[in-house]
Amino acid sequence: MSKMTPQEMAEKIGSGLLSFPVTPFKADYSFDETTYRANMDWLCGYDVAGLFAAGGTGEFFSLTPTEVPEVVRVAVEETKGRVPVLAGTGYGTAIAREIAIGAEKAGADGLLLLPPYLTHSEQEGLAAHVEAVCAAVKIGVIVYNRDNAILQPDTVARLAERCPNLVGYKDGIGDIELMTRVYTKLGDRLTYVGGLPTAETFALPYLDMGVTTYSSAVFNFVPEFATNFYAAVRKRDHATIHAGLKDFILPLIAIRNRKKGYAVSIIKAGMKVIGRDSGPVRPPLTDLSEQEIAELTALVKNLPAIRSSQQAAE
């Protein structure tokens with residue numbers, strides 16, 4: 001069980017960069033615990049405020065309800081309290097509660113509640129879904145606002161009143177007006193997380209709105225770049241930010257946008273590029289082609305030049 005209160009967890013994750021470690025698989029798609037332990041230990045050596053086990057980049061959608069708590073357990077054991085570990089949960093309400101309870105028992109410090117499976121719902125139904133998951137556990141819950149689960153400000157406010165352990169709001173749609181209305185209504189009651197794919201592109205404008213943290217998928221394979229970029233965002237170092245976007249993030253996005261599902265696949269490919277091969281993505285996702293991996297390799301090899309540019313800017 002977590003030793004952190006929901007409020008302590010929220011304060012901690014709001015203080016720095018967040019990331020979603022990939023879930024390594026063997027050739028037969030079974031969970032590769034040994035590689036996962038090595039990856040988690042390595043990532044803990046960098047300045048990160050929280051790691052989300054079995055999250056979106058960790059292929060939550062391909063894991064079974066029994067696999068998620070197992071992945072979380074390994075993450076908790078390997079991080080050894082060095083950083084908070086949060087777990088993904090989702091699907092229908094009953095399954096989301098089941099996974100949430102299992103993750104809490106596995107030692108998770110908090111939960112990220114992903115949108116319900118496929119179903120489109122009214123605000124009343126979405127609120128009941130969030131409240132049921134919050135009521136099932138004592139650890140803190142962050143709601144992920146994206147796709148078919150867009151909570152409006154009044155709904156978020158009611159949930160904040162009913163659920164003391166609802167402590168975070170992660171934005172995954174990029175609606176600046178909606179984000180402003182939520183922040184204006186809730187203020188410091190919640191910790192706000194930028195959660196768009198390749199969140200680095202939105203990091204600076206979101207900081208000006210009070211969103212102090214975001215989830216960096218590229219932290220998985222270029223943690224030094226990711227932490228340097230985050231530091232530049234917090235300092236509003238425009239020269240460094242634009243250099244990082246121009247020379248790495250935007251070219252990476254160009255590869256990512258070629259095929260559906262590449263937002264996850266390109267991170268797994270990045271692990272392979274740096275010598276931390278974490279296996280294939282599970283179907284229905286597909287892996288990058290050899291040519292695309294070669295392009296990604298070239299981007300990573302150019303990172304020292306980006307760091308030199310950052311140092312010059314400082």
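The values are calculated or read from the model by the stated rules, or taken from the named source; none is laboratory data. Bear in mind the structure is a predicted one, so any value in this text is a computation, not a measurement. Positions of Cβ are generated from backbone atoms using ideal geometry, with glycine treated the same way; all protein chains shown enter the neighbour counts. With ligands, DNA and RNA removed, areas are computed over all heavy atoms of the protein, side chains included. Shrake-Rupley method; radii C 1.70, N 1.55, O 1.52, S 1.80 Å.
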In sequence order, what are the phi-derived ³J(HN,Hα) couplings for region 244-250 according to the Karplus relation 6.51 cos²θ - 1.76 cosθ + 1.60 with θ = phi - 60°, rounded to whole Hz, with x for glycine and proline? x, 5, 5, 8, 9, 5, 5
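Per residue, how large is the accessible surface of the chain? Use a 1.4 angstrom probe and give square angstrom.
Working: 12930 Å² over 314 residues.
Spelled out: the 1.4 Å probe surface of the chain, per residue, equals 41 Å².
Give 246/268; 185/268; 138/272; 185/235 a once-over and call out the pairs whose C-alpha atoms are over 30 Å from each other.
On the way: 246/268 22 Å; 185/268 38 Å; 138/272 37 Å; 185/235 27 Å.
Check vs 30 Å cut-off fails for 185/268; 138/272.
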FRET efficiency, residue 26 to residue 80 (Cβ-Cβ, R0 30 Å, nearest 0.05): 0.75
What list of ³J(HN,Hα) couplings, whole Hz, do you get for region 14-21 from phi and the Karplus terms 6.51, -1.76, 1.60, once you set θ to phi - 60° and write x for glycine and proline? x, 8, x, 6, 10, 8, 10, x
Just flag the chymotrypsin sites (Phe, Trp or Tyr not before Pro) in region 35-119 sitting in loop per DSSP whose Cβ has no more than 16 other Cβ atoms within 10 Å. 46, 117
222 nm mean residue ellipticity, helices alone, for the chain (DSSP H n ≥ 4; -39,500 (n - 2.57); rounded to 500): -14000 deg cm²/dmol
Carbon and sulfur: what percent of the chain's accessible surface (1.4 Å probe)? 53 percent
Just to check I understand the Karplus step: with θ = phi - 60° and J = 6.51 cos²θ - 1.76 cosθ + 1.60, what whole-Hz values come out for region 263-275, glycine and proline as x? 4, 8, 4, 6, 6, 4, 5, x, 4, 5, 4, 8, x
